[in-house]
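Structure first, commentary second.
The values are calculated or read from the model by the stated rules, or taken from the named source; none is laboratory data. These numbers come from a predicted model, not from an experiment. Here the Cβ is made from the backbone with ideal geometry for all residues, glycine too, and neighbour counts use every protein chain on show. Note: accessible area is taken over every heavy atom of the protein model, side chains too, but ligands, DNA and RNA are not part of it. Shrake-Rupley method; radii C 1.70, N 1.55, O 1.52, S 1.80 Å.
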Amino acid sequence: MLHWSMALLFTWQFTTVVLSALAHDTAVERFFWGTHYSVGFTLWALVLLRAVWGLSQLKHRPPHEGSRLLQRAATLGHLALYLLMVIVPSLAILRAAGNGRGLRVYGIQLVAPGGEANPALTAPANLLHGFLGWTLFVLIAGHIAMALWHGLVRRDATLRRMTRGPERGPRSLRSV
Ligand code: HEM
């Protein structure tokens with residue numbers, strides 16, 4: 001649930017930035033960009049929930065498939081994905097909290113506008129939010145490519161586990 005709902009929201013979120021880059025100041029871009037803060041905030045909340053869930057399930061994670069090198073690359077790739085999924089929205093939320101313009105999410109004013117801008121809160125996002133956001137975009141594209149490679153070229157259990165969950169044991173097979 002967490003994986004696929006976030007996949008959908010990331011698709012939406014990256015549509016907002018791709019349109020902002022390719023179709024700036026058009027009606028469709030303004031519509032999508034108007035959702036960037038709210039969808040980004042939702043992703044931030046979901047990734048925190050997912051991190052807690054993932055840490056609580058560390059002992060139940062299936063082993064990565066393939067050679068030792070591939071397994072290590074998969075572990076590092078997933079770690080980078082998680083770190084960026086936490087860092088990218090966190091930086092932007094800190095900036096919104098500290099830039100004096102406030103933060104509005106789904107029409108709810110979470111941080112009121114006003115006050116002096118605080119450079120300690122705004123500078124990290126000014127420097128890194130866009131760059132790390134695009135880095136996350138590239139990593140997610142790699143993640144999708146590798147999932148397809150597992151499913152279509154290696155034909156192992158990875159893609160099936162991602163779509164249908166873990167393999168059922170003999171007991172649940174009997175009940176089918
Ligand atoms: C996981 C969630 C998010 C992703 C993947 C993401 C991604 C991005 C990317 C790639 C850009 C650069 C666009 C460009 O180069 O034109 C960007 C810009 C921006 N984002 Fe996000 N964002 C996320 C969450 C948020 C949140 C929660 C906020 C506000 C609280 C926010 C506010 C902004 C702003 C103001 C900009 C324009 C200034 C800049 O480039 O730093 N983003 N975002």
**Report entry** Qualifying residues in the stretch 19-44 (those that are aliphatic (A, V, I, L, M), part of a helix (DSSP H, G or I) and open to solvent by less than 50 Å² (accessible area, probe 1.4 Å)) - the one farthest from LEU8 (Cα to Cα)
**Finding:** LEU19
Query raised in the report: Residue check, ALA74 against (1) open to solvent by less than 50 Å² (accessible area, probe 1.4 Å); (2) outside any helix (DSSP H, G or I), all met but one. Which one?
Result: (2)
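In the list ALA74, ALA21, which residue meets the criterion of being free of Cβ contacts under 8 Å to residues at least 12 places away in the same chain and either within 14 Å of the ligand (Cβ to nearest atom) or more than 12 Å from the chain's Cα centre (by Cα) (or both)? Talk me through it step by step, then tell me what you get.
Details: ALA74 fails: free of Cβ contacts under 8 Å to residues at least 12 places away in the same chain.
Of the residues listed, the single one that is free of Cβ contacts under 8 Å to residues at least 12 places away in the same chain and either within 14 Å of the ligand (Cβ to nearest atom) or more than 12 Å from the chain's Cα centre (by Cα) (or both) is ALA21.
Out of curiosity, is VAL86 within 21 Å of LEU9 (Cα to Cα) and open to solvent by 70 Å² or more (accessible area, probe 1.4 Å)? Before the answer, list the steps.
Values: within 21 Å of LEU9 (Cα to Cα): yes; open to solvent by 70 Å² or more (accessible area, probe 1.4 Å): no.
It is false that VAL86 is within 21 Å of LEU9 (Cα to Cα) and open to solvent by 70 Å² or more (accessible area, probe 1.4 Å).
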Report summary line: Subset of the stretch 68-99, residues out of contact with any Ser or Thr (no Cβ under 7 Å at 6 or more places or on another chain) and of a type in the set (Gly, Ala, Ser), comes to ALA73, ALA74, GLY77, ALA80, SER90, ALA92, ALA96, ALA97
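Look through the stretch 93-139, keep the residues that are within 17 Å of TRP12 (Cα to Cα) and near the ligand (Cβ under 9 Å from one of its atoms), and return whichever of them is most open to solvent (accessible area, probe 1.4 Å).
Here is the first cut: in the stretch 93-139, the residues within 17 Å of TRP12 (Cα to Cα) are 105-106, 130, 133-139.
Next, from what is left, pick out any that are near the ligand (Cβ under 9 Å from one of its atoms): 105, 130, 133-137.
Details: VAL105: 8, GLY130: 40, GLY133: 12, TRP134: 106, THR135: 49, LEU136: 4, PHE137: 80 Å².
Per the criteria, the residue is TRP134.
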Query raised in the report: Looking at the stretch 153-172, is at least one residue out of contact with any His (no Cβ under 7 Å at 6 or more places or on another chain), at pLDDT 90 or above and either surrounded by fewer than 14 Cβ atoms within 10 Å (Cβ to Cβ) or of a type in the set (S, T, N, Q) (or both)?
Result: yes
Report summary line: Within the stretch 46-63, the residues that are open to solvent by 40 Å² or more (accessible area, probe 1.4 Å) and free of Cβ contacts under 8 Å to residues at least 40 places away in the same chain are LEU48, VAL52, LEU55, SER56, GLN57, LEU58, LYS59, HIS60, ARG61, PRO63
Query raised in the report: Using beta carbons and a limit of 6 Å, which pairs, at least six apart or on different chains, have the first residue in the stretch 87-102 and touching a residue at least 12 places away in the same chain (Cβ under 8 Å) and the second one near the ligand (Cβ under 7 Å from one of its atoms) and open to solvent by 30 Å² or more (accessible area, probe 1.4 Å)?
Result: PRO89/TRP44; LEU91/HIS129; ALA92/HIS129
Query - Top-ranked residue of the stretch 24-46 - restricted to ones that are closer than 23 Å to HIS78 by Cα and of a type in the set (A, V, I, L, M), ranked as nearest to the ligand (Cβ to nearest atom) - result: LEU43
